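For reference, the structure is listed below as structure tokens.
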Amino acid sequence: MALKIKVLSQYCKSCGYCVHFCPKEAISFGTERNGLGVFYPIVDEAKCINCGICATVCPDAALELREEENNG
């Protein structure tokens, strides 16, 4: 099992905490809008170290650190 950040776009209000606090600059705002009409974050998996800081600082629980099957 591997840990991976999952964006729950429907909860995002585009506050930017995840973008600001990511130590690897792996998070940025995408070009799509959620149901609230705001741009939600996307994660560059090549840069992400799955530290979970983004999920910790998100006031709306729009990011989660999840265990996923490691297919390989």
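Quick look at the values:
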{"read-out": "Share of alpha-carbon pairs per 10 Å distance bin for the range 1-41, given as whole %", "value": "30, 51, 18, 1"}
{"read-out": "Solvent-accessible surface (1.4 angstrom probe) belonging to PHE21, in square angstrom, nearest 10", "value": "100 Å²"}
{"read-out": "Accessible-area composition of the chain, carbon plus sulfur, in percent [1.4 Å probe]", "value": "49 percent"}
{"read-out": "Helix-derived mean residue ellipticity, 222 nm - over the chain, DSSP H n ≥ 4, -39500 (n - 2.57), to 500", "value": "-2500 deg cm²/dmol"}
{"read-out": "Hydrodynamic radius of the chain per Kirkwood, over alpha carbon pairs, in Å", "value": "12.3 Å"}
{"read-out": "Hits among aspartates and glutamates - C-alpha to C-alpha of LYS24 under 19 Å, sequence gap 8 or more where chains match", "value": "ASP44, GLU45, GLU64"}
{"read-out": "Neighbourhood net charge (12 Å Cβ-Cβ; Lys/Arg +1, Asp/Glu -1) for VAL19", "value": "-1"}
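The values are calculated or read from the model by the stated rules, or taken from the named source; none is laboratory data. Please read these numbers as outputs of a predicted model, since none were measured by experiment. For neighbour counting, all protein chains shown are included, and Cβ atoms are generated from backbone atoms with ideal geometry for every residue, glycine included. The area values use the complete protein model at the heavy-atom level, side chains included, leaving out ligands, DNA and RNA. Shrake-Rupley method; radii C 1.70, N 1.55, O 1.52, S 1.80 Å.
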